[in-house]
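Just so it is clear, none of the values below were taken in a lab; they were calculated from the coordinates. Model, not experiment: these values are computed from the prediction. No Cβ is skipped: glycine too gets one built from the backbone with ideal geometry, and neighbour counts run over all protein chains shown.
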Amino acid sequence: MDSLYLLIPVVLVFLVLAIRFLSWAIKSGQYDDLDTEGQRILFDDDATPKPKPKPKPQVENDKT
Amino acid sequence: MPDSALELAEDCYHCGLPIPQHLNLTVNISGEAQAMCCPGCQAVALSIVDGGLENFYRFRSEHAQRPNETSKHQWHVYDLEEVQADFVARLASGEREAQLLIQGITCAACVWLLEKQLANMPGVTAVTVNASTHRCLIRWSNDTQNLSHIMSECQRIGYEPSPATDEKAFQARKKENRQSLMRLGVAGIGMMQVGMVAIALYAGGLQGISEGMQNLLRYLSLVIATPVVFYSAKPFFQAARRSLAHAQLRHLNMDVPVSFAILGAYFASVYSTLTNSGEVYFDSVSMFTFFLLVGRYLEMRVRHSNSLAMGSLSQLLPFTANRLAEPESDPVAVPLKSLLVGDRVLVRAGEIFPSDGCVLRGSSSVEEALLTGEAKPLRKKVDDLVIAGTLNTESVLEVRVTALGQNTTLSAIDKLVSRAELEKPLQQTLADKIAAYFVAAVLILSLLVGSFWYFYEPEQAFWIVLSILVVTCPCALSLATPVALAAATSAARRQGLLITRAHVLESMASITRIVFDKTGTLTLGQLRVKHCIPTQKQFDERQCMALAAALEKNANHPIASAFLAETAGFFSASDIRQYTAEGVEGQIGKQCYRLGSIEFVSNIFPRTIQSNFNTSVPERNLQWILLGSEDGPVAWFGLSDSVRSGIKPLLSYCAAESINSELLSGDASSAVAVLAEDLGIQDFQAGAKPADKLARIHGLQALGEKVLMVGDGINDAPVLAGADVSIAMGAATDLAQTRADAVLLNNNLQAIARVRGIALKTRIIIRQNVTWALCYNALALPLAALGMVPPWAAAIGMSASSLVVTLNALRLNR
């Protein structure tokens, strides 16, 4: 049990690291645009266009 | 509106707007021919396909915006060093970096398209587009590429770039966003850690724990909770101090008891830790702070992501002016800033007037729709006054500058707007109103209960007061209302209405009158040919249209754009000459044709036909122009402004909900009465200036009406600011957009009716939440006052109560 007296304060070090990491992520602008980044991975550049059936975005739009 | 002559068939694949019937424009996208509504969309779609970026159409979730055909930009002015000084940074590497605002971004696929297209340009080293702020950060090397080229490339694929000059406001928003994320992050991490330690402490309390270990864990919680209290919860303390500084009951906000509870619990726990006595509540403190911050953050995000950054007046004006040093000298492009009153400037056709001025030479038609709402261009000749920000449509004018910057008419309208905004009825949300009294009641009650316990059982007094503060924490009010509003805002967004101010949903539910502007709001501000009546057998309807299109091919006034959509190509016209405010003349084949006013066209008829010619127009409701040749009249064209879709369902919805509708237009013509009659709007007023409109709105408000204003141009900006709720069109001038509480993105007015439905539902849910919160408090408060609720149970009760109202609010999102 005595090891806890060392291990628990070590938690603080990790905590400081976690906050430093968060601060770095925020300052480097990673959270500035939450709308686009989530979708960027879906834009596969090398995808060949699907021949059929073709997507019909306007159908969806008309409903709204 | 009768659409009998030109029935609408299909929607444009690019922008989703209806396609006029005679039109047959297609673009081959991913192996299939897709119909387009105008040459503008066709050109943009072609550029996208040619660039190998047709995947854009697969990725997108919204239709693109229809490109603005009439805007003609002189991008090269943006290469001037003086102009770049405002928005371009020079980097140490020798590259340049510019902030651009991009109009027309509708979804994430636009970001992809822009980034791909621009990054493929030689010399461009970095492109980042932000879909929420509509900003583009672009870095390029000036040796191999220039900015004007980059900007015209943006326009070629359908987006309008403009330099971002509102850097300060943008930076402030960015800073606020990052700071609150950081506060939220610290509170979240702290809450989890303290919570973990708290479990050990509670378990220790049940099973037994060595005093040394208990102390270690308490000190650890203290260390972790300290930044949560003094960094994360700082905004609450600041707001509480501001609220108390007012020392008025109605300014009392929820931050006051929140701050008391946080600071009270924290310092009491610190005291317990240091003296090794009592209980610690660092976990409750951190959790409480975190939940409150989540609510604030959601609210801030809605506020930010919706504020369209465009909107300063300067965005309307050109960056340069063509100054004439002497009357006969060549014009020199100078930055607008260095222009002085008294200077001579040259304004070519298609250019925006940089200043107020007086015409020295030339005559032209000027479109002042931005200011007056009048769709038709006004004739300007020598000694007439022109206004900064309006568009010269026809021919070169030489103008003497009479007013610049702050002294222009445009600026005066802006001041009117600011004043109207100040006078705007202060919207206090239901939750705020209740909360102020609630908070006061809670504070007084805690004091009374505290003093009772102080005499009865002093050591309990502090913890009981704390329990009361925590258990009655108006979280249900402070958290659930923003969540309900955020959920409803995103539901409204899916209907095509972008809400930019928090009060919209609440005010929308109680409106009694809806006031429309005409040009650009009820109508699209684009003339379309409604009727074509050929008078000679040799030409059919289609050929007549083609003849007219050939004549109007290179013109850019509104009448020309009515024919622009037609396939020119059957005929080609030569020797085309424009006659200001009269019409156009050109040679097609061997014949001389004229298109324009009846008088102008009939002048070329042979004498015999001229005398017999019946000049009465076929139907009064439309604007009629004549096409004729030297042989006599060829065809009548009845033009009318097309009506925006969704107005009929909206009006019938209003009638069903007993909301009055009214038409208030700056347009002085009879078109207003005709339109009102067509749509069945009983109250209408034509020729209203911005100040008149504002007065009318104030008059209605004085009668106790809650007014929803739907408008478009700059002339609507003061009214938009003054109305209880205001909605601007997505294609509206930037100023009007920023003054409006909401922006209609999908051009379908019916969305307004749908959003009012959402608003009503939101009101119900907020009321349910408030009722729940009050019932919960009515139950929990006496228990806490009797000392039956320890602070940890109070914290759990508070969280559970918040959870219930939050989940209830999220039902709106379904």
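Values for this structure:
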| quantity | calculated |
| --- | --- |
| Contour minus Cα-Cα distance for B:Y231 and B:R400 (0.36 nm per residue) | 55.1 nm |
| Environment charge at B:P534 (Cβ cut-off 12 Å; Lys +1, Arg +1, Asp -1, Glu -1) | 0 |
| Centroid-to-centroid separation of region B:482-536 and region B:113-130 [C-alpha atoms, Å] | 34 |
| Inter-label distance, nm, simple model (7 Å from Cα along the C-beta direction), B:E657/A:L34 | 2.9 |
| Local electrostatic count at B:P606 - Lys and Arg +1, Asp and Glu -1, tallied over other residues with Cβ under 12 Å | -1 |
| Separation of the B:N276 and B:Q179 label points, Cα + 7 Å toward Cβ, nm | 4.2 |
| Net charge contributed by nearby residues that have their C-beta within less than 13 Å of B:P335 (K/R +1, D/E -1) | -3 |
| Net lengthening on full extension, B:S451/B:L340 (0.36 nm per residue, minus Cα-Cα) | 32.8 nm |
| Label-point separation, B:I209 to B:K689 (7 Å along Cα→Cβ), nm | 7.5 |
| Segments B:269-277, B:214-222 sorted - mean Cβ within 10 Å per residue, highest first | B:214-222, B:269-277 |
| Per-residue HN-Hα couplings for region B:182-193 [Karplus 6.51, -1.76, 1.60; θ = phi - 60°; Hz; x = Gly/Pro] | 5, 4, 5, x, 4, 5, x, 4, x, 4, 5, 5 |
| Under 5 Å, built H, 5+ apart or other chain: amide partners of B:A131 | A:T36 |
| Nonlocal amide H pairs with B:C532, under 5 Å, H built at 1.01 Å | B:G638 |
